[in-house]
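Asker: Structure provided below as structure tokens; questions to follow.
The values are calculated or read from the model by the stated rules, or taken from the named source; none is laboratory data. Just so you know, these numbers come straight off a predicted model, no measurement behind them. Note: ideal-geometry Cβ built from the backbone for every residue, glycine included; neighbour counts use all protein chains shown.
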Amino acid sequence: MLIERNPHELNAAVKLASEDDFNLNIDLLHPIVPSQCTFKIIASKIEIKMKKAEAIRWEKLVGEAVADVKHFTPDKYPSSSLHTRNWDKLVEDIKEEEKNEKPEGDAALNKLFQQIYSDGTDEVKRAMNKSFMESGGTVLSTNWTDVGKRKVDVCPPDDAEYKKF
């Protein structure tokens, strides 16, 4: 098989099993990159892969070029919808809303503890972990000089009783 490639044409000459010659000459609608084109001969077919020179949608393989060419935009998600939506911006907006959201009750308290822990030094983090674990979740301290010297005792609230399960 002999294939001649230039940016606007595909010429292929094939010697068939019946000893006949088959010639394929195509004037392409849009240019290709000849150096990145490949072919594969299989028992039932010949597969030719051509790399497009531009990221545009080809309405057809041959013919005259149309002025209204659709360019692909790789940063947008493909959709059959008539309305386009920037999903990355939507994700950013949701994250911003979550950050500005004011939690109430236990959620506010948890957020406060998480903020103290994330903004704290290594000693503050160590103190919080040690006091919480040793007290069975009844004490949370940020003072490592106090917590580091002793075992933290279980100290349930006044109206509760601690039970070990």
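Asker: Quick check on my filter: what residues within region 125-143 are assigned to a helix (DSSP H, G or I) and either under 16 Å from residue 157 (Cβ atoms) or not assigned by TED's automatic domain parsing to the domain that holds residue 154 (or both)?
Answerer: 131, 132
Asker: Let me ask you something else. Looking only at region 119-136, decide whether some residue is loosely packed, with under 14 Cβ neighbours inside 10 Å, touching a helix residue (DSSP H, G or I) at 6+ places or on another chain (Cβ under 8 Å), under 30 Å from residue 102 (Cα atoms) and among the polar types (S, T, N, Q).
Answerer: No, because not a single residue in region 119-136 is loosely packed, with under 14 Cβ neighbours inside 10 Å, touching a helix residue (DSSP H, G or I) at 6+ places or on another chain (Cβ under 8 Å), under 30 Å from residue 102 (Cα atoms) and among the polar types (S, T, N, Q).
Asker: Here's something else I'd like to know. Can you tell me how many residues within region 25-39 are loosely packed, with under 10 Cβ neighbours inside 10 Å and of a type outside the set (Ser, Thr, Tyr)?
Answerer: 0
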